[in-house]
Every structure is written in structure tokens, then in C-alpha cells.
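Chemist: Starting off with a structure, shown below.
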């Protein structure tokens, strides 16, 4: 079964306190669900239509594991803490080969 990658990009952060509370809850929840943080923060370089905005890359053993992590009670609690504190998107993609 191919690994999966969770990619989050933050288009805008509206509430730093909500982001901090989200991070406090989300990180441990996602790691407990099998996620491994590979990268997070601002990009070092962007090309073409790239935008300098915060990004997070998390590896999971499968798409199913990543989806279950997102839908877990712990992560849902983190999302409630974030509320409207950020505009972002999350993509879960299956690894090649």
C-alpha cells in the first residue's frame, strides 16, 4: 500500500492565538494517528505561481490512515479550536509507486 502525504497551505492567518491552540492540539493528534511531520513553515524558495505562505507536509502509511487522522476526534477538536483563525487548504495525495 503506497504512503500518503498531507499537504496544508495557509493562505491567511487571521488569529495567532487560535493558530497556537490549534497547533497545540493538532500536532499530537496527528502524530498519535501515525503522521510524521516532514516539513513545516515558510518556503525557502517559490517558483512560477508559488506564493510565500506557510505550508505543512505530513507523511502517513496510507490515504486511509491520513483520512482517519483528519476525521479523528482529537483532530476535530483542533479544528474547533482553530475556528476561523486561518484560511487554508488540505490535500491528501497518494505517493507514486
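Every number here is computed from the coordinates shown, using simple stated rules; none is lab data. Bear in mind the structure is a predicted one, so any value in this text is a computation, not a measurement. Positions of Cβ are backbone-derived with ideal geometry, glycine not excepted, and every protein chain shown enters the neighbour counts.
Chemist: Applying the selection to the stretch 70-87, what residues are out of contact with any helix residue (DSSP H, G or I) (no Cβ under 8 Å at 6 or more places or on another chain) and farther than 14 Å from residue 16 by Cα?
Modeler: Result: 70, 71, 73, 76, 80.
Chemist: On the given criteria, is residue 48 on the phi > 0 side of the Ramachandran plot, out of contact with any helix residue (DSSP H, G or I) (no Cβ under 8 Å at 6 or more places or on another chain) and surrounded by fewer than 18 Cβ atoms within 10 Å (Cβ to Cβ)?
Modeler: yes
Chemist: I need a count of the residues in the stretch 62-80 that are surrounded by 18 or more Cβ atoms within 10 Å (Cβ to Cβ) and within 18 Å of residue 12 (Cα to Cα).
Modeler: 1
Chemist: Follow-up question, since we're still on this one. So which pairs qualify, if the first residue must be in the stretch 4-16 and free of Cβ contacts under 8 Å to residues at least 60 places away in the same chain, the second must be surrounded by 15 or more Cβ atoms within 10 Å (Cβ to Cβ) and in a strand (DSSP E or B), the Cβ gap must be under 6 Å, and the two must be at least 6 apart or on different chains?
Modeler: Sorted first by the residue in the stretch 4-16, then by its partner, the list stays empty.
Chemist: Now for a separate question. Return only the number of the condition from (1) in contact with a strand residue (DSSP E or B) (Cβ under 8 Å, 6 or more places away or on another chain); (2) free of Cβ contacts under 8 Å to residues at least 60 places away in the same chain; (3) farther than 16 Å from residue 90 by Cβ; (4) exposed (fewer than 15 other Cβ atoms within 10 Å of the Cβ) that residue 28 does not satisfy.
Modeler: Of (1) in contact with a strand residue (DSSP E or B) (Cβ under 8 Å, 6 or more places away or on another chain); (2) free of Cβ contacts under 8 Å to residues at least 60 places away in the same chain; (3) farther than 16 Å from residue 90 by Cβ; (4) exposed (fewer than 15 other Cβ atoms within 10 Å of the Cβ), only one is false for residue 28: (1).
Chemist: State whether the residues of the stretch 38-45 include one that is closer than 21 Å to residue 81 by Cβ, loosely packed, with under 15 Cβ neighbours inside 10 Å and either touching a strand residue (DSSP E or B) at 6+ places or on another chain (Cβ under 8 Å) or touching a residue at least 40 places away in the same chain (Cβ under 8 Å) (or both).
Modeler: Yes, the stretch 38-45 contains a residue that is closer than 21 Å to residue 81 by Cβ, loosely packed, with under 15 Cβ neighbours inside 10 Å and either touching a strand residue (DSSP E or B) at 6+ places or on another chain (Cβ under 8 Å) or touching a residue at least 40 places away in the same chain (Cβ under 8 Å) (or both).
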